[in-house]
1. Go through the range 29-66 and give me each residue that's closer than 16 Å to Met84 by Cα and of a type in the set (Ser, Thr, Tyr).
2. Output the number of residues of the range 50-62 satisfying the condition of being more than 13 Å from the chain's Cα centre (by Cα) and either without any contact (Cβ under 8 Å) to a residue 40 or more places away in the chain or open to solvent by 90 Å² or more (accessible area, probe 1.4 Å) (or both).
3. Quick one: what pairs do we get from the range 1-27, first residue in contact (Cβ under 8 Å) with a residue 60 or more places away in the chain and closer than 17 Å to Met100 by Cβ, second open to solvent by less than 80 Å² (accessible area, probe 1.4 Å) and of a type in the set (A, V, I, L, M, F, W, C), C-beta under 7 Å, 6+ apart or different chains?
4. Tell me, which residue of the range 75-102 that is out of contact with any Lys or Arg (no Cβ under 9 Å at 6 or more places or on another chain) and not in a loop (DSSP other than H, G, I, E, B) is surrounded by the fewest Cβ atoms within 10 Å (Cβ to Cβ)?
5. Which of (1) crowded, with 17+ Cβ neighbours inside 10 Å; (2) modelled with pLDDT under 95 is the odd one out, the single condition Leu109 does not satisfy?
6. Counting just the residues of the range 25-47 that are among the hydrophobic types (A, V, I, L, M, F, W, C) and surrounded by fewer than 20 Cβ atoms within 10 Å (Cβ to Cβ), which one comes out nearest to Leu66 (Cα to Cα)?
Amino acid sequence: MSADCIFCKIAIGDIPSKKIYEDEDIIVINDIHPIAPVHFLIVPKLHIESLLSCEEQHQTLLGKMLRLAPQLAKEQGLPGFRTMINTGHEGGQEVFHLHMHVFGGGNKLPKT
Ligand code: AMP
Ligand code: ZN
């Protein structure tokens with residue numbers, strides 16, 4: 001838990017969110033500014049700043065995040081989807097608590 005972190009606050013319920021999945025390690029919420037008809041965020045409850053901060057001990061958690069993407073995408077009716085993990089300022093990361101975007105729906109996504 002990091003005191004100033006919005007996703008930590010969402011994970012403990014201090015900030016309301018549109019939660020679509022939760023287990024002991026992970027919450028999944030709808031993005032507040034969706035860029036596709038379906039756009040959710042897979043967020044570990046553990047405060048990890050970014051993919052750059054991940055170490056061997058996080059391997060199982062990272063695998064769990066990846067496995068959840070197709071499972072939840074199917075539940076949301078997506079026949080295909082895109083995942084994105086923005087990493088670091090240069091990678092466009094705005095919230096410095098690791099999360100994976102999953103989005104899709106509507107027309108075929110453009111290549112970039
Ligand atoms: P990034 O760090 O660039 O991967 O982007 C952070 C994402 O978090 C953006 O797509 C925001 O729209 C989203 N976001 C920020 N605050 C919230 C919130 N309170 N609930 C849901 N999504 C959020
Ligand atoms: Zn956090």
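The values are calculated or read from the model by the stated rules, or taken from the named source; none is laboratory data. This is a predicted model, so every value here is computed, not measured. Quick reminder, even Gly has a Cβ in these numbers, built from the backbone with ideal geometry, and neighbours come from all protein chains shown. The area values use the complete protein model at the heavy-atom level, side chains included, leaving out ligands, DNA and RNA. Shrake-Rupley method; radii C 1.70, N 1.55, O 1.52, S 1.80 Å.
1. Ser50
2. Final tally of qualifying residues: 7.
3. As it stands, the answer is Ile6/Ile15; Ile6/Val95; Phe7/Val43; Phe7/Val95, since those pairs meet every condition given.
4. Among residues in the range 75-102 that are out of contact with any Lys or Arg (no Cβ under 9 Å at 6 or more places or on another chain) and not in a loop (DSSP other than H, G, I, E, B), the one surrounded by the fewest Cβ atoms within 10 Å (Cβ to Cβ) is Glu90.
5. All conditions are met except number (1).
6. My answer is Ile26.
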